[in-house]
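Below: one structure, written as structure tokens.
The values are calculated or read from the model by the stated rules, or taken from the named source; none is laboratory data. Everything numeric here is computed off the predicted structure, so don't read it as measured data. Counting neighbours? That spans all protein chains shown, and the Cβs are built from the backbone with ideal geometry, glycine included. Keep in mind that these areas ignore ligands, DNA and RNA; they rest on the heavy atoms of the full protein, side chains included. Shrake-Rupley method; radii C 1.70, N 1.55, O 1.52, S 1.80 Å.
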Amino acid sequence: MFLVQNARSSLIAPWKQRTLVALTTCLLAACSTSQQMSDAQPRPFALDTSDWPEERRALEEDFHTWLGEFVSFDAALRQSMRKFNSLLQERSAGQQALDARLRDHLKGSTDPDLRAWGTLRLAQTYLNFACLIEDIHTPSGITAEQAREFRNNISTLVSDLFAKTATTLNATTEQGVDTWSHQADYLLQHLDPPTSETCESTLAFWRP
């Protein structure tokens, strides 16, 4: 079948084995690719981490490195299915590694700020995947029926990821930690319901 079905088995299935309520990670802010951010909009990456413990600061730096990497599933697909699958597996592995490190760091913690920070960071990784998948164009040279199936699979995959993003963001807002919950609430406004403009309006959250 199509690449998206392969993507769903390699990317989504491992995530379904986790309980989103227990997961943690994400900080947020947003901007549009066509507009400057107004002063009223949150700026997700303007942080002073000088007083953070070394391990948390290292996780934050690694998260930004991962989030800031340029990834184009669409370009990889245009090259070959092998290239696409390789990139998908690499990105998925990176997300899972961050997930595991963050959860280990948060395990047993009762610090509200730490847990809200972690939950927000995780939501960003889901949003990153959703928008990278959303950017995939329908391949040329296929039938109209195949094109419809392809777009339907893309839409289903993106919807799954947006749903995971929203669930994790809700967990952040429920913790009531202003620094992180305010940003989570901002993102939720663009995800309820998600539209074709969601990725553009939340660009700073998933691709700084």
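The table for this structure:
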| read-out | value |
| --- | --- |
| THR110 vs. criteria without any contact (Cβ under 8 Å) to a residue 40 or more places away in the chain, among the polar types (S, T, N, Q), assigned to a helix (DSSP H, G or I) and open to solvent by 10 Å² or more (accessible area, probe 1.4 Å) | no |
| Output for the range 176-208, where each listed residue is surrounded by fewer than 19 Cβ atoms within 10 Å (Cβ to Cβ), closer than 22 Å to ASP99 by Cβ and not hydroxyl-bearing (Ser, Thr, Tyr) | LEU188, ARG207, PRO208 |
| Search result, residues across the range 52-85 that are within 22 Å of ASP113 (Cα to Cα) and of a type in the set (A, V, I, L, M) | ALA58, LEU59, LEU67 |
| The one condition in (1) open to solvent by 20 Å² or more (accessible area, probe 1.4 Å); (2) aliphatic (A, V, I, L, M); (3) under 27 Å from SER196 (Cβ atoms) that ALA97 fails to fulfil | (3) |
| Residue among PHE45, PHE63 that is modelled with pLDDT under 90, surrounded by 10 or more Cβ atoms within 10 Å (Cβ to Cβ), within 20 Å of TYR186 (Cβ to Cβ) and hydrophobic (A, V, I, L, M, F, W, C) | PHE45 |
| Output for the range 68-87, where each listed residue is closer than 25 Å to ALA123 by Cβ and either in contact with a Pro (Cβ under 6 Å, 6 or more places away or on another chain) or exposed (fewer than 15 other Cβ atoms within 10 Å of the Cβ) (or both) | GLY68, GLU69, PHE70, SER72 |
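Let's see how each residue does on (1) of a type in the set (S, T, N, Q); (2) open to solvent by 50 Å² or more (accessible area, probe 1.4 Å); (3) not in a helix (DSSP H, G or I):
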| residue | (1), (2), (3) |
| --- | --- |
| ARG115 | no, yes, no |
| THR119 | yes, no, no |
| CYS131 | no, no, no |
| ILE142 | no, yes, yes |
| SER159 | yes, yes, no |
